[in-house]
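Asks: Submitted below is the structure of interest, expressed as structure tokens.
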Amino acid sequence: MFWAFLTQSLINGLLTGGVYGLIAVGLTLIFGVMKIINFAHGSLMMLGMYATFWAWSALHLDPYASLIVSVPLLFVLGALIQKFLVAPVMNAPEHNQLLLTLGIALFVENAALFAFTADPRFVQTHYLSVNYYVGPLTIKLVHLIAFGASLLITLLLYLLLSRTDLGKAIRAAAEEPEGALLMGIDVRRIFWISFGIGSACVGAAGTLISPFFPVDPHVGGLFVITAFVVVVLGGMGSFGGALLGGIIVGVGESVGAMFLPGSMKQMVTFVLFVLILLFRPNGLFGRRMA
């Protein structure tokens, strides 16, 4: 019985970790290109979840089909935030940048609290209760979809960065912005595009978890800390590290829930964070863009 529970926890953690990885991929892209630590990342995810809820509630759109709403919406919002708010402080001291993104997060959360109230909202779908059984193990369809879509989006983003001219320009601007500018690359345009892509990734993650996670104005805070742990674990700027780090954190939380009561499972995340900072501060994959 113990081994069945353990295997179930490993599967649940793996599926959840894929979504954590997608959240962290958006965060690490923004940091890798602009060296900005974006504390507003979780708040943007919350907006993606609300976009999915209202698309489902008002337009009767399937939650996963609402990716066509949340992804472009968060891309545009992220691009505007970078162009009009972040760009003016790009050369400012790092603490100014941190305070700006934290201020954006607080503004977005309080605006959502004013507009939507603090009541949690739930997305109901006809396939929410669909499960697959493998012996004593249970795999929820919505978790499987979220995991598969997260991997697919991460793969598409990797191909964008590694196989397209836009991706090469993003990597050049991340590696050497002055040299990229001399080669004719519009670095300022690359910056807002990159911020938009990172925001679109976290918006997609918000959509993918909406069918099995309630949304409220403060939900972003639950995920942004985990995202930072994942990024540090995988290595700032590493896509592969972000994905692997997300899976490790997801599995750690899930297995930890077997032995720790209630919200104490979060202790596993923080223990991993401290251990990585102590013994491998550059993360599992160092500082790479892809």
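Asks: For region 33-65, how many residues meet the condition of being farther than 30 Å from A169 by Cβ and of a type in the set (G, A, S)?
Replies: Qualifying residue count, region 33-65: 4.
Asks: For N91, state whether it is outside any helix (DSSP H, G or I), of a type outside the set (G, A, S) and over 23 Å from H143 (Cβ atoms).
Replies: So N91 fits the description; yes.
Asks: Tally up the residues in region 222-281 that are touching a residue at least 60 places away in the same chain (Cβ under 8 Å), among the aliphatic types (A, V, I, L, M) and not in a helix (DSSP H, G or I), please.
Replies: Of the residues in region 222-281, 1 are touching a residue at least 60 places away in the same chain (Cβ under 8 Å), among the aliphatic types (A, V, I, L, M) and not in a helix (DSSP H, G or I).
Asks: Quick one: which residue in E109, E94 is of a type in the set (D, E) and modelled with pLDDT under 95?
Replies: Of the residues listed, the single one that is of a type in the set (D, E) and modelled with pLDDT under 95 is E94.
Asks: Determine, yes or no, whether G135 is farther than 19 Å from L67 by Cβ and surrounded by fewer than 19 Cβ atoms within 10 Å (Cβ to Cβ).
Replies: In short, yes.
Asks: When both residues are 6+ apart or on different chains and their Cβ atoms are under 7 Å apart, which pairs have a first residue that lies in region 132-160 and is of a type in the set (G, A, S) and assigned to a helix (DSSP H, G or I), and a second that is modelled with pLDDT under 95 and loosely packed, with under 13 Cβ neighbours inside 10 Å?
Replies: Between residues of region 132-160 that are of a type in the set (G, A, S) and assigned to a helix (DSSP H, G or I) and residues that are modelled with pLDDT under 95 and loosely packed, with under 13 Cβ neighbours inside 10 Å, there is no close pair.
Asks: Please enumerate the residues belonging to region 86-100 that are hydrophobic (A, V, I, L, M, F, W, C) and farther than 27 Å from I153 by Cα.
Replies: Correct list: V89, M90, A92, L98, L99, L100.
For (1) buried (at least 24 other Cβ atoms within 10 Å of the Cβ); (2) of a type in the set (A, V, I, L, M, F, W, C); (3) within 21 Å of G17 (Cα to Cα), each residue gets a yes or a no:
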{"residue": "I185", "(1), (2), (3)": "no, yes, no"}
{"residue": "R189", "(1), (2), (3)": "no, no, no"}
{"residue": "V202", "(1), (2), (3)": "yes, yes, yes"}
{"residue": "V224", "(1), (2), (3)": "no, yes, yes"}
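Asks: Anything in region 139-166 that is crowded, with 18+ Cβ neighbours inside 10 Å and under 20 Å from M183 (Cβ atoms)? List them, or say none.
Replies: L161
Asks: Sticking with this structure for a sec: Can you find a residue that is of a type outside the set (G, A, S), in contact with a helix residue (DSSP H, G or I) (Cβ under 7 Å, 6 or more places away or on another chain), more than 23 Å from A55 (Cα to Cα) and touching a residue at least 40 places away in the same chain (Cβ under 8 Å) anywhere in region 104-126?
Replies: Checking region 104-126: at least one residue is of a type outside the set (G, A, S), in contact with a helix residue (DSSP H, G or I) (Cβ under 7 Å, 6 or more places away or on another chain), more than 23 Å from A55 (Cα to Cα) and touching a residue at least 40 places away in the same chain (Cβ under 8 Å).
Asks: With at pLDDT below 90, on the phi > 0 side of the Ramachandran plot and either in contact with a Gly (Cβ under 7 Å, 6 or more places away or on another chain) or hydrophobic (A, V, I, L, M, F, W, C) (or both) as the only criterion, which of G262, G241, G235, G221 stands out?
Replies: G235
The values are calculated or read from the model by the stated rules, or taken from the named source; none is laboratory data. Bear in mind that the values here come from a model prediction, so they are computed numbers and not experimental data. Cβ atoms come from the backbone with ideal geometry, glycine included; neighbour counts cover every protein chain shown.
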